[in-house]
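For reference, the structure discussed in these notes is given below.
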Amino acid sequence: MEGRLNNMWRLTVNESKFVESALQSELRVDGRGLYDYRKLTIKFGKESGSSEVQLGQTHVMAFVTAQLVQPYKDRPNEGSFSIFTEFSPMADPSFEPGHPGESAVELGRIIDRALRESRAVDTESLCVLAGKLVWSVRIDLHILDNGGNLVDAANIAALAALLTFRRPDCTVGGENSQEVIIHPPEEREPLPLIIHHLPIAFTFGFFNKGSILVMDPTYVEEAVMCGRMTVTVNANGDICAIQKPGEEGVNQSVILHCLRLASSRAAATTKIIREAVEAYNRERSSQKVKRHHTLAKSEVSGPIVVV
């Protein structure tokens, strides 16, 4: 588990000693302080539910889609969501093409756990017909460039894509109220997901047997560090998840220190995400083509799903 999300690049002995000696002097190779975050950039695609996040040299894209499916028997009134990750060999030579490897699976699980256990997404609002039809939301994460700390970048990309995603509006009708009409966007405005809060992931790297702690490790630092821990919190300081791979233990004081650092940073990161989403929504509204009334208005509605 420990090395799955770490890069497979091995530094020379001199390079490793240089990174470690710099950290002992509270200096990092890229000039940051031990707890400084790299520059975060968030962009969006033309379609709703697509985002592109760059954290330093780390580059991740996210796409959100949804379809109507039958709900799970133990949760007939709730929709569902799933996360799939794709590691491109162009992002990192250690990534292999084809079936998702252990690194891709672990990355998806970390993000999924934070969203699911904190109940950030209102899954009950995804129910259309109790016990028969619900919306299943899918998040696809594509790693374009691995500059270190994939978890944090992928987490932000997933949240930004979820905030801009719009699902088709639908109504229930028919004689027995068993017909679901999915309305096209030209007929009814698509609906956003109900997201209660944003669980933000912050990854810490451990060096020198855990005596040195850094925030947002780079690709070079990941090749040297002896351990890692990801803390997921929201803007209110609520702990959503903690992920500590590997067998090496961490002192309680170190965990509490990581929680304080993550909590102090969560509000600022949440603000960056929401401001980027608001700017995207304003631009999308300004570019939206106004509907023109025609003399012969079409009476064709969306497809009907009979249950």
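The values are calculated or read from the model by the stated rules, or taken from the named source; none is laboratory data. These numbers come from a predicted model, not from an experiment. For neighbour counting, all protein chains shown are included, and Cβ atoms are generated from backbone atoms with ideal geometry for every residue, glycine included. For accessibility, only protein heavy atoms count, side chains too; no ligands or nucleic acids. Shrake-Rupley method; radii C 1.70, N 1.55, O 1.52, S 1.80 Å.
Observations on the model:
- Using a simple spin-label model with pseudo-atoms 7 Å out from Cα toward Cβ, residue 94 and residue 24 lie 2.5 nm apart.
- Applying the criteria of a DSSP loop state and at most 13 other Cβ atoms within 10 Å to the trypsin sites (Lys or Arg not before Pro) of segment 148-236 yields 209.
- Packing order of peptides 31-41, 169-179, 113-123, highest average first: 113-123, 31-41, 169-179 (average count of other Cβ atoms within 10 Å over each peptide's residues).
- When the Cα gyration tensor is reduced to axis lengths a ≥ b ≥ c, the ratio a/c is 1.5 or higher for the chain, and with a/b above b/c it is classed as prolate.
- Whole-number accessible area per residue in Å² for segment 26-89, which is evaluated in the context of all protein chains at 1.4 Å: 58
- Structure note, pairs 46/132; 46/271; 39/244; 209/271; 43/73: Cα-Cα distances above 30 angstrom occur for 46/132; 209/271; 43/73.
- With both labels modelled 7 Å from their Cα along Cα-to-Cβ, the residue 109 to residue 176 distance reads 4.3 nm.
- Charge dipole (the chain, unit charges on Cβ, about Cα centre) - positive-most of 184, 198, 285: 285
- Each Lys and Arg contributes +1 and each Asp and Glu -1, all at the Cβ; summed about the Cα centre of the chain, the dipole is approximately 620 debye.
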